[in-house]
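**Q** I am attaching a structure below and will ask some questions about it afterwards.
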């Protein structure tokens, strides 16, 4: 988000912010706590997720290098964190207090417009997620997930997705993911090898993701 920032804006962030090193698995924020900071990912990957009443976790977003999180509650005076966040790898985070962040928004209108645009994009993403959960089957969501990940560079994730991780992304449970992947394999849509998944019939998966017959 700061890639096109001028030296004055970068200097303001250097003045108010600091860097924090985090171990893999470390929680950075907890849902419901008072929002105290905004975070940027300098190195590593951070998972933003929410927890259901039954304890199930649903991943909302994976934040990677250059991304930011905890923006929404920071925009509101006295806001609370809307989700949990934990580091998926050894990470380095840029941290700034919410009060200082809001002051920077006032000082730099162009940066404020970028933030509003980013928040708008994430709102659209949340609408898509909620719509998928309400209107699409587990098979549709799994097929869409596999296609989306196949479009990403292989070195972004760094390791195969576990079924637990896929379940959190898709909004279901591990057993359902396992059954769905077995079905896809039997239909000749994918091939699995020690956790790695290869798309054999992309068109068939696209049909499934759209609620059509795989053939």
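The values are calculated or read from the model by the stated rules, or taken from the named source; none is laboratory data. Since the structure is predicted, the reported quantities are computational estimates derived from the model, not experimental observations. Note: ideal-geometry Cβ built from the backbone for every residue, glycine included; neighbour counts use all protein chains shown.
**Q** Taking the conditions exactly as written (over 24 Å from residue 24 (Cα atoms) and at pLDDT below 90), does residue 162 satisfy them or not? Write out each step before concluding.
**A** Details: over 24 Å from residue 24 (Cα atoms): no; at pLDDT below 90: yes.
The answer is no for residue 162.
**Q** In the range 81-111, which residues are within 22 Å of residue 42 (Cβ to Cβ) and part of a helix (DSSP H, G or I)? Steps first, please.
**A** Narrowing the range 81-111 to residues within 22 Å of residue 42 (Cβ to Cβ): 81, 83-105, 108, 111.
98, 99, 100, 101, 102, 103, 104, 105, 111, listed by residue number.
**Q** Moving on to the next point. For the range 115-150, which positions are buried (at least 16 other Cβ atoms within 10 Å of the Cβ) and at pLDDT 85 or above?
**A** Within the range 115-150, 115, 138, 139, 140, 141, 142, 143, 144, 145, 146 qualify.
**Q** Further question: Could you say whether any residue in the range 151-169 is under 27 Å from residue 34 (Cα atoms), outside the structural domain of residue 62 (by TED's automatic domain parsing) and either touching a strand residue (DSSP E or B) at 6+ places or on another chain (Cβ under 6 Å) or in a helix (DSSP H, G or I) (or both)?
**A** Step one: filter the range 151-169 for residues under 27 Å from residue 34 (Cα atoms), giving 168-169.
If we keep only those that are outside the structural domain of residue 62 (by TED's automatic domain parsing) too, we end up with 168-169.
Within this subset, residues satisfying the condition of being either touching a strand residue (DSSP E or B) at 6+ places or on another chain (Cβ under 6 Å) or in a helix (DSSP H, G or I) (or both) are 168-169.
Yes, the range 151-169 contains a residue that is under 27 Å from residue 34 (Cα atoms), outside the structural domain of residue 62 (by TED's automatic domain parsing) and either touching a strand residue (DSSP E or B) at 6+ places or on another chain (Cβ under 6 Å) or in a helix (DSSP H, G or I) (or both).
**Q** Another question, then. Could you check the range 114-140 and list, in sequence order, the residues that are without any contact (Cβ under 8 Å) to a residue 60 or more places away in the chain and touching a helix residue (DSSP H, G or I) at 6+ places or on another chain (Cβ under 7 Å)?
**A** Selection gives 119, 132, 138.
**Q** Shifting gears a bit: Residue by residue through the range 15-24, note down the ones that are closer than 22 Å to residue 72 by Cα and either under 20 Å from the mean Cα position of the chain (by Cα) or assigned to a strand (DSSP E or B) (or both). Step through it out loud before you land on a result.
**A** Applying the first criterion (closer than 22 Å to residue 72 by Cα) to the range 15-24 yields 16-20.
If the condition is that a residue be closer than 22 Å to residue 72 by Cα and either under 20 Å from the mean Cα position of the chain (by Cα) or assigned to a strand (DSSP E or B) (or both), then 18, 19, 20 are the ones that fit.
**Q** Please go through (1) touching a residue at least 60 places away in the same chain (Cβ under 8 Å); (2) surrounded by fewer than 17 Cβ atoms within 10 Å (Cβ to Cβ) for residue 111 and return the number of the only condition it doesn't satisfy.
**A** Here residue 111 clears every test but (2).
**Q** Going through the range 25-60 one residue at a time, which ones are more than 15 Å from the chain's Cα centre (by Cα) and under 18 Å from residue 100 (Cβ atoms)?
**A** Scanning the range 25-60 gives 34, 35, 36, 37, 38, 42.
**Q** Within the range 25-52, can you find the residues that are modelled with pLDDT of 90 or more and part of a loop (DSSP other than H, G, I, E, B)?
**A** Passing the criteria: 25, 26, 30, 31, 32, 33, 35, 36, 44.
**Q** Further, regarding this structure: How many residues does the range 53-66 hold that are under 23 Å from residue 131 (Cβ atoms) and either at pLDDT 90 or above or in contact with a strand residue (DSSP E or B) (Cβ under 7 Å, 6 or more places away or on another chain) (or both)? Steps first, answer last, please.
**A** If we filter the range 53-66 for residues that are under 23 Å from residue 131 (Cβ atoms), which is where we start, we get 53-54, 56-63.
Then keep just the ones that are either at pLDDT 90 or above or in contact with a strand residue (DSSP E or B) (Cβ under 7 Å, 6 or more places away or on another chain) (or both); that gives 57-63.
The number of residues fulfilling the criteria is 7.
**Q** Residues of the range 177-197 being touching a residue at least 24 places away in the same chain (Cβ under 8 Å), surrounded by fewer than 18 Cβ atoms within 10 Å (Cβ to Cβ) and in a helix (DSSP H, G or I), which ones?
**A** Of everything in the range 177-197, just one residue is touching a residue at least 24 places away in the same chain (Cβ under 8 Å), surrounded by fewer than 18 Cβ atoms within 10 Å (Cβ to Cβ) and in a helix (DSSP H, G or I), namely 183.
**Q** Being over 23 Å from the mean Cα position of the chain (by Cα), closer than 16 Å to residue 185 by Cβ and not in a helix (DSSP H, G or I) is the filter here; which residues of the range 198-215 pass it?
**A** Passing the criteria: 200, 201, 214, 215.
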